[in-house]
Amino acid sequence: MFSKKMEEAFNAQINAEFYSEYLYLAMKSHFEELHLNGFANWFGVQVQEEHAHGMGMYDYVHERGGKINLAAIEKPELKGDDTVAIFEQVLEHEQLVTSKINGLVDVAEAEHDRAALSFLDWYIKEQVEEEANVRQLLATLKLIGEDKKALLMLDRELAARTFVAPVIG
Ligand code: FEO
């Protein structure tokens, strides 16, 4: 039995995942406009991952016999335009997503929905990985500081990132 409360909580999280996709698309365009194509590629992969996260939940709601209610996606705003500020925003955003996933787990616990709890395990692990990746990149960027040559080397490294479709659940 998939409760109304679970359905609402999943729909809210689907919106948050698609907002993440949109936010990272805005960041991708920022780096494309600067011709930092490696950074743009890194955000392009983020866009695809967030889309997969949203669709994973979308499919799950249907699998459980629930209804999808798509809501408006908020306009994404970049808080700063230097690279460190952007990655600080990414980390802050991923921490917010982690707290939202934890909130969804709280609802599943309150509803005694063991199936949803088991499904959400994947998202809990994914958030640990997402936060760790961003924390690592942020630390590297802080070390690089104003060194343009090192920034271009990192840009080249980020150009190699590829999207691997996740197996969710
Ligand atoms: Fe879907 Fe980056 O969390």
message: Whole angstrom only: what separates the Cα centroid of segment 134-164 from the Cα centroid of segment 69-89?
response: 19
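Let me know the shape class of segment 4-158, please: from the alpha-carbon gyration tensor, a ≥ b ≥ c as square roots of the eigenvalues, rounded when a/c is under 1.5, otherwise prolate if a/b is greater than b/c, or oblate. Intermediate values should be presented prior to the final figure.
Working: a/c = 2.73, a/b = 2.13, b/c = 1.28.
Prolate, because a/c is 1.5 or more and a/b exceeds b/c.
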message: Output wanted: per-residue J couplings in Hz (rounded whole) for segment 41-55, from phi through Karplus 6.51 cos²θ - 1.76 cosθ + 1.60, θ = phi - 60°, x for Gly and Pro.
response: 5, 4, 6, x, 5, 4, 4, 5, 5, 5, 4, 5, 4, x, 5
field: Rounded percent of accessible protein surface that carbon and sulfur make up, the chain, 1.4 Å probe
entry: 55
- request: Measure nothing fancy, just the Cα-based angle from helix 114-144's long axis to the longest principal axis of the chain, in degrees from 0 to 90, nearest 10.
  value: 10
- request: With r as the distance between the Cβ atoms of residue 26 and residue 117 and R0 = 22 Å, compute the FRET efficiency 1/(1 + (r/R0)^6) and round to 0.05.
  value: 0.10
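Which value, in Å², gives the accessible area per residue of segment 4-158 when a 1.4 Å probe is used on the protein heavy atoms? If you can, show how the numbers build up before the last one.
On the way: 8290 Å² over 155 residues.
Per residue, segment 4-158 has 54 Å² of solvent-accessible surface.
The values are calculated or read from the model by the stated rules, or taken from the named source; none is laboratory data. Just so it is clear, the structure is predicted and the values come from calculations on it, not from any experiment. Cβ coordinates were reconstructed from backbone atoms using ideal geometry, including for glycine residues, and neighbour counts include every protein chain displayed. Side chains included, ligands, DNA and RNA excluded: accessible areas come from the protein's heavy atoms. Shrake-Rupley method; radii C 1.70, N 1.55, O 1.52, S 1.80 Å.
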